[in-house]
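The values are calculated or read from the model by the stated rules, or taken from the named source; none is laboratory data. Given the structure is predicted, the values throughout are model-derived calculations rather than measurements. Every residue, glycine as well, gets a Cβ built from its backbone with ideal geometry; the counts of neighbours run over all protein chains shown. Just the protein is used for accessible areas: all its heavy atoms, side chains included, with ligands, DNA and RNA removed. Shrake-Rupley method; radii C 1.70, N 1.55, O 1.52, S 1.80 Å.
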Amino acid sequence: MSQIATEEPVLHHSIPSAISLEDPQMALHHPDTPQTPQDQNAAQPVSDLPTTATTNSARPPNIFVNSTQTFPTLREYHDPSGLVIEVGHPSVNSQIALDTLRGVYLPVQPYNRIDNRQNNTVAYLHEKTFPPVRSLRPSEKKRILVTGGAGFVGSHLVDRLMLMGHDVIVLDNFFTGNKRNVQHWLGHPHFELVRHDVVDPFMIEVDQIYHLACPASPPHYQYNPIKTVKTSVMGTINMLGLAKRTKARFLLTSTSEVYGDPEEHPQRETYWGHVNPIGPRACYDEGKRVAETLTYSYMHQDDVDVRVARIFNTFGPRMNENDGRVVSNFIMQALKGEQLTVYGDGSQTRSFQYVHDLVDGLILLMNKNYTEPVNLGNPEEYTIRQFAELIRDQISPGTAIKIFPATTDDPQKRKPDITRAKTYLGWEPRFAVRQGLNETITWFKKQVDEGLI
């Protein structure tokens, strides 16, 4: 992935690659940065964080860096080999070491259970400890609602918000989400999980709403297209109504599908799209377009504070193995030693971003003062066949690739113009596709080994 300098002046902030919890000052300040009395008062002591760990899991050290500096250069988040070692942005105080997150979704051992392979049983542990979270003052802590928070993207967003120290409420009906994605937070005093469908009203007091609830893969949103439209329309109305009543900031996760099969390449946020309103994908494409219309109608009519993210193809751990998306399909087929299936001639292009980059963008967008739609995606473009070969060569070299007829209304090109994100958020992807694929493949292998998929 090319590393493009941001367009605003950069304040360099060097981040140590490993910090021990035993040294609170190291965990909050770089050793080369002088501390003023004001800095020391602002820093949250790491001694306030729980440091115990379960006996059956190895947690990496917690790394939080407290900084008010903005828009650091990409190289400061990479190790000498070019691999990303930290996610988050100092401008919204969301920096977290990648090893800390990996300890959540790729633990050495399960947090809360003991698997016995000999008699094929599982014993769930009553007591467990949690990953350490940042200690925030009451004035700094927010109550954040995440709809669809047990899904693929939602659960990674929940992990980040929890580690940042906020109170998080997850709303999910588990149609495509999975309780397993957030089970490591169950019982935590900052966390609530509610089984609820956003099509029905929900009453709660919150400061921010991340509205992710909606099936996002073709097999899932085409399974019940009427319900998909209801989720996008009625669910968004309910969440916007909640935001209006509580004066919460509202972020809609829209999609690159609002551009349809685009005639503009790459796609800018000002492009109106080329969508078939009655095709098999219309329930999702048009549903999200209406959701955007509703969002800005509430902003203009009722002064609701809104944000809109248009998300491009995203991959990472916790993808549903049966969701029909390119990455999960290719990985599962390669792990099983099956032929990789490509629909169409494989020349159609996609831009794939790793899930941590997306979560960075969502948190930045929520906490910045920019209300226009923003593309969040990786402008690095691959053909579907290239991506199939990339995954095949990492898992099962020599496996055949089989071509099938193209699906209806499948976009031929998809690539974001991220000028807005770089200019107004200071965001651009950090993860190279290969690093993201390595983690994703490792996660899928672990799920297969543990009999979870």
Q. Where residues in region 364-398 are open to solvent by 20 Å² or more (accessible area, probe 1.4 Å) and of a type in the set (Val, Ile, Thr), which of them is farthest from LYS288 (Cα to Cα)?
A. ILE395
Q: Please report, ordered by residue number, the strands (runs of 3 or more DSSP E) entirely within region 73-181 with at least 2 residues that are crowded, with 18+ Cβ neighbours inside 10 Å and in contact with an Asp or Glu (Cβ under 9 Å, 6 or more places away or on another chain).
A: 143-147, 167-172
Q | Residue in region 52-62 that is hydrophobic (A, V, I, L, M, F, W, C), open to solvent by less than 20 Å² (accessible area, probe 1.4 Å), farther than 22 Å from MET319 by Cα and at pLDDT below 50 present | A | no
Q) Taking region 332-387 on its own, how many of its residues are under 18 Å from LEU157 (Cβ atoms) and of a type in the set (A, V, I, L, M, F, W, C)? A) 10
Q: Residue by residue through region 349-371, note down the ones that are of a type outside the set (A, V, I, L, M) and out of contact with any Lys or Arg (no Cβ under 7 Å at 6 or more places or on another chain).
A: PHE352, GLN353, TYR354, HIS356, ASP360, GLY361, ASN367, LYS368, ASN369, TYR370
Q.
For ARG325, only one of the following conditions fails: (1) open to solvent by 10 Å² or more (accessible area, probe 1.4 Å); (2) more than 21 Å from TYR354 (Cα to Cα); (3) in contact (Cβ under 8 Å) with a residue 12 or more places away in the chain. What is its number?
A. (2)
(Q) Anything in region 238-250 that is in contact (Cβ under 8 Å) with a residue 24 or more places away in the chain and either open to solvent by 60 Å² or more (accessible area, probe 1.4 Å) or in contact with an Asp or Glu (Cβ under 6 Å, 6 or more places away or on another chain) (or both)? List them, or say none. (A) LYS244, THR246, LYS247, ALA248, ARG249
(Q) With the requirement that a residue be in contact (Cβ under 8 Å) with a residue 40 or more places away in the chain and β-branched (Val, Ile, Thr), what does region 193-229 give you? (A) VAL198, ILE204, VAL206, ILE209, ILE226, THR228, VAL229
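This table checks each residue for (1) in contact with a Ser or Thr (Cβ under 6 Å, 6 or more places away or on another chain); (2) in contact (Cβ under 8 Å) with a residue 40 or more places away in the chain; (3) outside the structural domain of GLU428 (by TED's automatic domain parsing); (4) closer than 22 Å to LYS413 by Cβ.
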{"position": "GLY260", "(1), (2), (3), (4)": "no, yes, no, yes"}
{"position": "HIS265", "(1), (2), (3), (4)": "no, yes, no, yes"}
{"position": "TYR271", "(1), (2), (3), (4)": "no, no, no, yes"}
{"position": "ARG281", "(1), (2), (3), (4)": "no, yes, no, yes"}
{"position": "SER297", "(1), (2), (3), (4)": "no, no, no, no"}
{"position": "GLN301", "(1), (2), (3), (4)": "no, no, no, no"}
{"position": "ALA309", "(1), (2), (3), (4)": "yes, yes, no, yes"}
{"position": "PHE312", "(1), (2), (3), (4)": "yes, yes, no, yes"}
{"position": "PHE330", "(1), (2), (3), (4)": "no, yes, no, yes"}
Q.
Against the conditions (1) touching a strand residue (DSSP E or B) at 6+ places or on another chain (Cβ under 6 Å); (2) over 30 Å from GLY103 (Cα atoms); (3) not in a helix (DSSP H, G or I), where does ALA243 fall short? Just the number, please.
A. (3)
Q: Output the number of the condition that VAL290 fails; it satisfies all remaining conditions of (1) buried (at least 18 other Cβ atoms within 10 Å of the Cβ); (2) within 21 Å of LEU362 (Cα to Cα).
A: (1)
Q) Mind checking which residues of region 214-237 are open to solvent by 20 Å² or more (accessible area, probe 1.4 Å) and either in a loop (DSSP other than H, G, I, E, B) or not assigned by TED's automatic domain parsing to the domain that holds PHE315 (or both)? A) CYS214, ALA216, ASN224
Q: Output the number of the condition that GLU264 fails; it satisfies all remaining conditions of (1) touching a strand residue (DSSP E or B) at 6+ places or on another chain (Cβ under 9 Å); (2) closer than 20 Å to ASP197 by Cα.
A: (2)
Q: May I ask you to verify whether THR407 is loosely packed, with under 14 Cβ neighbours inside 10 Å and either within 25 Å of the chain's Cα centre (by Cα) or under 22 Å from PRO215 (Cα atoms) (or both)?
A: yes
Q. Which condition number does LYS415 fail, the rest of (1) touching an Asp or Glu at 6+ places or on another chain (Cβ under 6 Å); (2) open to solvent by 60 Å² or more (accessible area, probe 1.4 Å); (3) not acidic (Asp, Glu) being met?
A. (2)
